[in-house]
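The structure under discussion appears below in the form of structure tokens.
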């Protein structure tokens with residue numbers, strides 16, 4: 001049986017339709033609710049289906065204030081939204097759209113502070129409960145980073161392992177771990193996997209930015225993909241580094257005047273779009289390996305919609321892995337032009 005095409009997705013904000021909100025952002029005093037966020041998500045699913053986008057990362061703030069320790073009035077909103085969550089889950093399954101969460105940087109499982117760890121576990125539990133209430137399969141995951149080094153990377157890795165053993169079952173069932181670009185390398189997450197069994201996310205740009213042990217890219221990618229349970233397709237993250245000069249504004253403390261200077265790019269920064277040749281090179285390196293791709297470009301869905309015709313033009317072999325063929329070229333090119341024009345119009 002021929003394998004299903006690989007998926008490409010994007011996170012949270014819909015750039016092609018600025019009128020589509022990713023979550024209820026009202027302040028607590030205005031009574032924001034998960035139900036409102038799910039109405040927004042319903043419209044986003046329609047946008048994804050229209051543009052044949054089969055993977056999407058939901059906002060980590062989908063349930064506003066649901067775990068705020070000082071606002072118990074919001075703590076029941078996930079349970080209160082059971083019917084709406086089930087309906088969204090059915091729609092995502094019917095449209096064959098893979099959903100996930102990437103909890104915020106404030107979710108830290110290796111902190112020496114037990115209160116911060118407990119709050120982090122609460123956040124993860126709430127998001128796992130939402131995925132369960134949606135009736136989503138094991139491919140709907142929670143992606144987190146290792147956390148802080150706190151002056152001792154080895155001890156911080158060990159604390160992550162210790163916390164793993166205490167996590168609630170719904171969290172352990174959906175949690176996956178990603179290496180980062182400045183603190184914890186692929187070697188660190190592979191060590192943690194060996195001691196926990198947690199599945200791992202491979203991030204292309206992070207691997208280039210932080211690889212102190214000089215690991216081979218394809219071998220590391222293969223090892224990380226093999227950490228996923230049988231029957232669950234892994235996913236990887238891809239982004240291109242930002243190459244433009246950055247404008248840095250400084251205020252002189254004496255004159256109070258603001259000056260602007262140009263500084264070189266930082267390679268940990270994400271570009272607006274994905275460089276097609278970098279993506280093609282990575283996918284050819286990964287020939288024979290199966291995984292979905294989350295694009296972490298700053299232009300979000302615009303970057304995805306631009307990448308597909310680029311693949312057809314420059315690498316039909318790679319495009320075919322994503323279910324794209326030469327006959328799709330005119331439609332995808334027209335779609336790209338129309339979406340960019342719509343984005344310029346503010347979604348009108």
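Looking only at the range 76-97, filter to residues that are modelled with pLDDT of 95 or more and part of a loop (DSSP other than H, G, I, E, B); which one of those is surrounded by the fewest Cβ atoms within 10 Å (Cβ to Cβ)? Among them, the one singled out is 96.
Which one of 70, 46 is assigned to a helix (DSSP H, G or I) and without any contact (Cβ under 8 Å) to a residue 40 or more places away in the chain? Talk me through it step by step, then tell me what you get.
Details: 70 fails: assigned to a helix (DSSP H, G or I).
None of the other options fit; the residue is 46.
Considering the range 14-43 alone, what residues qualify as being surrounded by 16 or more Cβ atoms within 10 Å (Cβ to Cβ) and in a loop (DSSP other than H, G, I, E, B)? Walk me through how you get there before you give the answer.
Pass one, the range 14-43, residues surrounded by 16 or more Cβ atoms within 10 Å (Cβ to Cβ): 14-17, 20-24, 32-34, 36-38, 40-41.
Scanning the range 14-43 gives 14, 15, 16, 17, 20, 21, 22, 23, 24, 32, 33.
Residues of the range 136-149 that are in contact with a helix residue (DSSP H, G or I) (Cβ under 7 Å, 6 or more places away or on another chain), crowded, with 19+ Cβ neighbours inside 10 Å and in a loop (DSSP other than H, G, I, E, B): 136, 140, 141, 146, 147. Only residues that are surrounded by fewer than 13 Cβ atoms within 10 Å (Cβ to Cβ) and in contact with a strand residue (DSSP E or B) (Cβ under 9 Å, 6 or more places away or on another chain) were counted in the range 98-121, giving 1.
Looking at 319, 333, 315, 303, just one residue is modelled with pLDDT of 95 or more, under 26 Å from residue 98 (Cα atoms) and either loosely packed, with under 11 Cβ neighbours inside 10 Å or more than 22 Å from the chain's Cα centre (by Cα) (or both), and that residue is 315. In summary, residue 152 fulfils each of the numbered conditions (1) surrounded by fewer than 22 Cβ atoms within 10 Å (Cβ to Cβ); (2) over 19 Å from residue 222 (Cβ atoms); (3) in contact (Cβ under 8 Å) with a residue 24 or more places away in the chain with the single exception of condition (3). Scan the range 281-290 and tell me whether some residue there is modelled with pLDDT of 95 or more, touching a helix residue (DSSP H, G or I) at 6+ places or on another chain (Cβ under 7 Å), surrounded by 14 or more Cβ atoms within 10 Å (Cβ to Cβ) and in a helix (DSSP H, G or I). Within the range 281-290, one or more residues are modelled with pLDDT of 95 or more, touching a helix residue (DSSP H, G or I) at 6+ places or on another chain (Cβ under 7 Å), surrounded by 14 or more Cβ atoms within 10 Å (Cβ to Cβ) and in a helix (DSSP H, G or I).
The values are calculated or read from the model by the stated rules, or taken from the named source; none is laboratory data. Worth saying up front: this structure is predicted, and the values here are computed from it rather than measured. Note: ideal-geometry Cβ built from the backbone for every residue, glycine included; neighbour counts use all protein chains shown.
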